[in-house]
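The values are calculated or read from the model by the stated rules, or taken from the named source; none is laboratory data. Remember, predicted model here, so these are calculated numbers, not experimental data. No Cβ is skipped: glycine too gets one built from the backbone with ideal geometry, and neighbour counts run over all protein chains shown.
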2 protein chains.
Amino acid sequence: MFREKIKVLDCTIRDGGLMNNHNFDFRFVREVYKAISAAGIDYMEIGYKNSKELFSPKEYGAWKFCDDDEIRKVIEGVESETRISVMVDIGRVNIDDVKPASESPVKMIRVATYVKDIDKAIFMVNHFAEKGYETTINIMAISKDQGVELDEALRQIENESKVNVVYIVDSFGNLYQETTEMLVKRFKAILKTREVGFHGHNHQQLAFGNTIEAIIHNANYLDATIYGIGRAAGNCPLELLVGFLKNPKFDIRPILDVISSEFIPLSKKIEWGYVIPYAIAGMMNEHPRAAMALRNSDKKESYREFYEGIKNTGLD
Amino acid sequence: MFREKIKVLDCTIRDGGLMNNHNFDFRFVREVYKAISAAGIDYMEIGYKNSKELFSPKEYGAWKFCDDDEIRKVIEGVESETRISVMVDIGRVNIDDVKPASESPVKMIRVATYVKDIDKAIFMVNHFAEKGYETTINIMAISKDQGVELDEALRQIENESKVNVVYIVDSFGNLYQETTEMLVKRFKAILKTREVGFHGHNHQQLAFGNTIEAIIHNANYLDATIYGIGRAAGNCPLELLVGFLKNPKFDIRPILDVISSEFIPLSKKIEWGYVIPYAIAGMMNEHPRAAMALRNSDKKESYREFYEGIKNTGLD
């Protein structure tokens, strides 16, 4: 029933950190790592590797920077087959800060990029690959960037990069299953020697459905987060994905436990998940930043005004 | 872009009523009716037509019984093209209580049935059709009832009934898009002279995705509810469905307004939507009643125990 090549990557701390400036404390991150490890999840993405020259450690938590020593404190003494991943954004990392993989607890580096920055992304993944890391390129905001430049970018990746996996990232939660199917097929057609991954957002409650659609069309790297935590409406819930996949190596129970003990209390403190302004942003194919600002204002339930604002003027 | 044959049925009050014993007050129901009418939704299902000999009006609100006069009070004076629907359960209605359609504000009667009761359902829809109503048969718990008896039931419906529409009802929120596709195709293959409908449940956050899948494979009658209210994890959110369908007759804005004004306050008083016990029931293909009982107990966040209880013994 199951497809052995499928790898699940938990990005709870990394994408969830976008809702609290990466201010998860060590105990919390360690509880997540224990649960992810016990559940048999393949990868755990623990944060961003950003330069401290660009972002202040006073404003952001440790998982905005992901120093190797901080990661070691989280994983030390926990029995685990889970591989640690970090994400880097183009132009926000000092690549010389990244040690060779043999000296680091990190096993995978994922480069987040827009189509227009694909040359820089290729340079970076090649650099990290030479240092011994597994690498991915995550193409963000794909629902706004489906012109011929996308095919050209994919051809460049296939021909010029050492990357292992190329992700479709539905940053705006705009994809439906037909658009997901079309994109996976387009990626697979060009990236003949790479794996394809899928990272959904749940603005229209379609992150899990689109992830299933990506699986059907042979995407093998799947992102998910515990209880769906993540920017705005969040991501594909890991518990649903594990319930769907039939691979006996996965165990849903540690994920259920950590939701009970950690994520229910957290959900009273920070907001993520389905709310109407995110749904509107998703269906209008817009970045959720305006919706996130609305949720932090006294107009948080003024949906019609928000809808008409986007409809009449656009957000960008 | 749009398919003119698609009809949207709002069952906010009917399915939502399963979470509060149908105790919506008149003002609330009228606000919903106004919003549904202004949004251009084709049908609004206002409740069940149950016999007062079987259920006490002291225990249940008006929308458990749907007397014609109570419905008139809701709709009077509201400009509307929306047609009123009521649902009946096999064995719970006195069919002689139902007046001819020409004397009633109700335009459609939907008969909810299991596969095993299909003969009774056919008898009832034929009776209501003769009284001048549009009719549907809604086959519940379809994820547990996919044997050859289903094909036989569909053939009987096609050959012996006057029904207009036959619904696939994913009572347990267990279907994925592949199972949805397969069922819609199976229904369409046998029901050559009827329309096929889809009623999703959101236990695994797939109600909207499965509804899209049903649309793709030519189901034309689609159920949804405002802000996804409904039993347990609720239904396909109407606002998402209207955002997806491109038919210019629909207007999402009155739905956004009534969510702001009525459903956000209501969501603080009664619980519906995605919570882990419903997700577990959905993935295990079980009725949500045990999960609903858990949510009303002091073990509401004891997910592992609940999961192992279902896994080890089953619920039925």
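Determine whether B:Arg289 is within 13 Å of chain A (Cβ to nearest Cβ) and either without any contact (Cβ under 8 Å) to a residue 60 or more places away in the chain or of a type in the set (Asp, Glu) (or both). Answer is no for this residue. On inspection, A:Gly209 qualifies as surrounded by 16 or more Cβ atoms within 10 Å (Cβ to Cβ) and among the small types (Gly, Ala, Ser). When region B:67-81 is filtered for residues that are farther than 15 Å from B:Ala39 by Cα, in a loop (DSSP other than H, G, I, E, B) and not small (Gly, Ala, Ser), the ones remaining, listed by number, are B:Asp67, B:Glu76.
Regarding B:Asn210, is this residue in contact with a Gly (Cβ under 6 Å, 6 or more places away or on another chain) and modelled with pLDDT of 95 or more?
Values: in contact with a Gly (Cβ under 6 Å, 6 or more places away or on another chain): yes; modelled with pLDDT of 95 or more: yes.
Considered against the rule, which asks whether it is in contact with a Gly (Cβ under 6 Å, 6 or more places away or on another chain) and modelled with pLDDT of 95 or more, B:Asn210 comes out as yes.
A:Ile215 satisfies every condition listed in (1) closer than 15 Å to B:Ile212 by Cβ; (2) within 11 Å of chain B (Cβ to nearest Cβ) except (1). Of all residues in region A:165-181, those satisfying the criterion of being more than 11 Å from chain B (Cβ to nearest Cβ) and either of a type in the set (Phe, Trp, Tyr) or within 12 Å of the chain's Cα centre (by Cα) (or both) are A:Tyr167, A:Ile168, A:Val169, A:Asp170, A:Ser171, A:Phe172. For region B:258-285, the tally of residues that are out of contact with any helix residue (DSSP H, G or I) (no Cβ under 6 Å at 6 or more places or on another chain), more than 9 Å from every other protein chain (Cβ to nearest Cβ) and surrounded by 14 or more Cβ atoms within 10 Å (Cβ to Cβ) stands at 4. For the residues A:Ser297, A:Ser302, the requirement of being among the hydroxyl-bearing types (Ser, Thr, Tyr), surrounded by fewer than 24 Cβ atoms within 10 Å (Cβ to Cβ) and at the interface with another protein chain (Cβ under 9 Å from one of its Cβ atoms) singles out A:Ser302. Can you spot a residue in region A:235-257 that is more than 10 Å from chain B (Cβ to nearest Cβ) and small (Gly, Ala, Ser)? There is no residue in region A:235-257 that is more than 10 Å from chain B (Cβ to nearest Cβ) and small (Gly, Ala, Ser).
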